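Written below as structure tokens is the structure these notes are about.
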Amino acid sequence: MSVEKNTRKLDEGIVRDFSSRMSYASYLQLPTLLSAQHPVSRPEHHDELLFIIQHQTTELWLKLVLHELRSTAAWLRADDLGSALKGIARVKHIQKTLTEQWSVLATLTPTEYSQFRGFLGHASGFQSSQYRAVEFILGNKNGKMLSVFESDPDAYAMLEQLLNAPSIYDEFLAYLARQGFDVPGSVLKRDVTQAHEFTPELVPLFKHIYENAADNWAAYEACEELVDLEDNFQLWRFRHLRTVQRTIGMKSGTGGSSGAAFLQKALELTFFPELFAVRTEIGQ
């Protein structure tokens, strides 16, 4: 079919009347979604819309990440490793999108941001309850963070629930124990409200899995998927740090943190430390 005058004809079957039908816009609630951007700078600064949309889209992706990770935890509890790995694979793709997204915000120059930053008051990404929820479900528990959300009952309840629930790593280790692997009892009975810390006793377990991958392929594959998950998360943290540094330098954050210095410390946090430590031991 040729195109005349650089204009294509509409197919006869295309639906045009949505007076009594669900449309694309109504299904996605686009009037609500697209009217949720309210710049606060006066006069309104051109680049504030970028800043708002960047963070709103991040929150939408984080909502999906949480949806997938909650299901992943449930699948691990049910010994359905295949579905759990599918969930993790989807999260990995979302992480790549989130990391690439920093390049858009990085087009905001220090001069441009400074012209509306003061209007943000104490609003800060530090207060993202969904980001903290992702950290919690992956194992970076920190009960002190809850105090930031005391004025938001729903966010507080969500984080409190995740603080008291086993992390993805806890569920994976429990899964391995049920499959007959030698997981230390102290690990299975640990206080899940605390961040998981490096446990040397787990390294021999993972050394066995890696050095006998053919006989333990499912566990081996799961370990590598978790390593990918942490690598992606650290890349996101690094891009966040670098974007902040190029935009505000070493200024304090609007939420009261030390800014880039605080973000730098996040790079020292880890979700699955034994899966990285075992690399030193393999082949020895």
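The values are calculated or read from the model by the stated rules, or taken from the named source; none is laboratory data. The model shown is predicted, which means the values in this text are computed figures rather than measured ones. We place every Cβ from the backbone using ideal geometry, glycine too, and count neighbours over all the protein chains shown. The accessibility values were calculated without ligands, DNA or RNA, using every heavy atom of the protein model including side chains. Shrake-Rupley method; radii C 1.70, N 1.55, O 1.52, S 1.80 Å.
Can you tell me the length gained on complete extension of the stretch residue 227 to residue 189, counting 0.36 nm per residue apart and subtracting the Cα distance?
Values: separation 38, 0.36 × 38 = 13.68 nm, distance 2.34 nm.
Once the chain is fully extended between residue 227 and residue 189, it gains 11.3 nm.
Taking the chain as the reference, fit the longest principal axis to its C-alpha atoms, fit the long axis of helix 168-178 to the helix C-alpha atoms, and give the angle between the two in degrees, 0 to 90, nearest 10.
Around 40 degrees separate the two axes.
In whole percent, what relative contact order does region 153-259 give with Cα contacts below 8 Å and a gap of six or more residues?
16 percent.
Considering only 101, 126, 151, whose Cα is most displaced toward the positive end of the charge dipole of region 99-166, charges sitting on Cβ of Lys, Arg (+1) and Asp, Glu (-1)?
126
Set the Förster distance to 35 Å, then compute FRET efficiency between residue 213 and residue 96 from the Cβ-Cβ distance, nearest 0.05.
0.85
If 12, 48, 281 are ordered by their accessible area, calculated over protein heavy atoms with a 1.4 Å probe, which sequence runs from highest to lowest?
12, 281, 48
Kindly count the pairs of lysines across the chain whose alpha carbons are less than 24 Å apart, treating pairs on different chains or eight or more residues apart as eligible.
17
Hey, got the dipole for the chain? About the Cα centre, +1 on K and R Cβ, -1 on D and E Cβ, debye to the nearest 20?
860 debye
Considering the options 220, 165, 176, tell which one lies farthest towards the positive end of the dipole of the chain, charges being +1 on Lys and Arg and -1 on Asp and Glu at the Cβ, about the Cα centre.
165
Using amide H atoms built in the peptide plane, which far-off residues or other-chain residues are under 5 Å from residue 258 H to H?
For residue 258, whose amide H was placed from the backbone, the distant partners under 5 Å are 253.
Is it possible to state the helix-based mean residue ellipticity at 222 nm for the chain, with each DSSP H run of 4+ residues giving -39500 (n - 2.57), the sum divided by total residues, to the nearest 500 deg cm²/dmol? What is it?
Rounded to the nearest 500, the figure is -18500 deg cm²/dmol.
For the residue pair residue 41 and residue 18, what label-to-label distance in nm results when each label sits 7 Å from Cα along the Cα-to-beta-carbon direction?
3.2 nm
To the nearest 20 debye, what charge dipole does region 22-81 have about its Cα centre, counting +1 at the Cβ of each Lys and Arg and -1 at the Cβ of each Asp and Glu?
Details: 4 positive and 7 negative charges, 31 e Å.
With only Lys, Arg, Asp and Glu charged at Cβ, the dipole is about 140 debye.
List, in order, the whole-Hz ³J(HN,Hα) value for each residue of region 202-209 obtained from phi through the Karplus relation with A = 6.51, B = -1.76, C = 1.60 and θ = phi - 60°; use x for Gly and Pro.
7, 4, x, 4, 6, 4, 4, 4
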